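The values are calculated or read from the model by the stated rules, or taken from the named source; none is laboratory data. What you see is a predicted model; the values in this text were computed from it and never measured. Note that we place each Cβ from the backbone using ideal geometry, even for glycine, and neighbour counts take in every protein chain shown.
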């Protein structure tokens with residue numbers, strides 16, 4: 001009887017130990033899957049213009065940053081908390097979101113106008129390619145995402161171009177940057193990128 005009890009205890013302990021052992025590559029694969037699934041959910045909300053739903057993905061403490069181009073301008077990019085984003089998403093008040101490449105003119109738009117031009121200006125939900133922590137699109141402007149968001153994971157939804165006559169100069173990319181908070185990933189930045197002069 002004692003021998004049987006010892007065997008059962010040892011067997012249960014061994015199962016418990018093997019259950020707790022997690023391979024790093026398995027953990028990374030799980031995180032990758034979570035981020036790619038989150039990207040689909042977020043892009044679906046954006047495509048459907050469901051800003052109320054999008055608010056749920058914004059980081060509760062850090063909020064969110066919007067960058068119209070690959071160079072993230074921490075002095076001029078618009079930032080918002082979840083509540084201020086939701087408040088401004090449905091009103092027609094224009095605000096300055098940054099500066100147009102080339103002309104340097106101010107990007108003065110409502111939230112809906114900005115989203116149409118600098119967030120979902122291509123069907124990113126059905127992108128040609130999607131990457132994790134890798135920039136597929138690139139032009140002659142500096143891309144500083146790895147500096148500004150050092151160590152944070154991001155996805156990129158990418159189109160290499162739409163019209164052959166432009167030879168790829170009409171490429172588009174949308175990068176979603178994530179940060180963990182209380183065991184869950186939240187959105188901290190939406191970075192749009194395209195060919196710049």
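Okay, here's what the table says:
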{"read-out": "Residues located in the range 119-143, provided they are at pLDDT 95 or above and more than 17 Å from residue 35 (Cα to Cα)", "value": "119, 120, 121, 122, 123, 128"}
{"read-out": "Residue, nearest to residue 182 (Cα to Cα), within the range 56-76, restricted to residues that are crowded, with 19+ Cβ neighbours inside 10 Å and more than 11 Å from the chain's Cα centre (by Cα)", "value": "59"}
{"read-out": "Residue that is surrounded by the fewest Cβ atoms within 10 Å (Cβ to Cβ) [pool: residues in the range 28-49 that are farther than 19 Å from residue 185 by Cβ and in contact with a helix residue (DSSP H, G or I) (Cβ under 8 Å, 6 or more places away or on another chain)]", "value": "47"}
{"read-out": "Enumeration of residues in the range 134-149 that are exposed (fewer than 14 other Cβ atoms within 10 Å of the Cβ), assigned to a loop (DSSP other than H, G, I, E, B) and free of Cβ contacts under 8 Å to residues at least 60 places away in the same chain", "value": "134, 140"}
{"read-out": "Test: residue in the range 83-93 that is part of a loop (DSSP other than H, G, I, E, B) and surrounded by 15 or more Cβ atoms within 10 Å (Cβ to Cβ)", "value": "no"}
{"read-out": "Counted residues, the range 121-130 - those being in a loop (DSSP other than H, G, I, E, B), touching a helix residue (DSSP H, G or I) at 6+ places or on another chain (Cβ under 8 Å) and surrounded by 19 or more Cβ atoms within 10 Å (Cβ to Cβ)", "value": "0"}
{"read-out": "Filter pass, residue 116 being out of contact with any strand residue (DSSP E or B) (no Cβ under 8 Å at 6 or more places or on another chain), at pLDDT 95 or above, in a helix (DSSP H, G or I) and over 25 Å from residue 132 (Cβ atoms)", "value": "yes"}
{"read-out": "Conditions (1) under 20 Å from residue 76 (Cβ atoms); (2) surrounded by fewer than 20 Cβ atoms within 10 Å (Cβ to Cβ); (3) touching a helix residue (DSSP H, G or I) at 6+ places or on another chain (Cβ under 9 Å); (4) touching a residue at least 40 places away in the same chain (Cβ under 8 Å); number of the one not met by residue 109", "value": "(4)"}
{"read-out": "Selection within the range 159-183 - within 14 Å of the chain's Cα centre (by Cα) and over 16 Å from residue 46 (Cβ atoms)", "value": "179, 180"}
{"read-out": "The one condition in (1) in contact with a helix residue (DSSP H, G or I) (Cβ under 8 Å, 6 or more places away or on another chain); (2) modelled with pLDDT of 95 or more that residue 91 fails to fulfil", "value": "(2)"}
{"read-out": "Failed item, numbered, when residue 152 is tested on (1) touching a strand residue (DSSP E or B) at 6+ places or on another chain (Cβ under 6 Å); (2) surrounded by fewer than 18 Cβ atoms within 10 Å (Cβ to Cβ); (3) not in a loop (DSSP other than H, G, I, E, B)", "value": "(3)"}
{"read-out": "The range 119-133, residues that are under 24 Å from residue 151 (Cα atoms) and either without any contact (Cβ under 8 Å) to a residue 12 or more places away in the chain or out of contact with any strand residue (DSSP E or B) (no Cβ under 7 Å at 6 or more places or on another chain) (or both)", "value": "none"}
{"read-out": "Criterion (modelled with pLDDT of 95 or more and assigned to a loop (DSSP other than H, G, I, E, B)) met by exactly one of 64, 72, 46, 42", "value": "72"}
{"read-out": "Meets criteria (in a strand (DSSP E or B), surrounded by fewer than 14 Cβ atoms within 10 Å (Cβ to Cβ) and at pLDDT 95 or above) for residue 96", "value": "yes"}
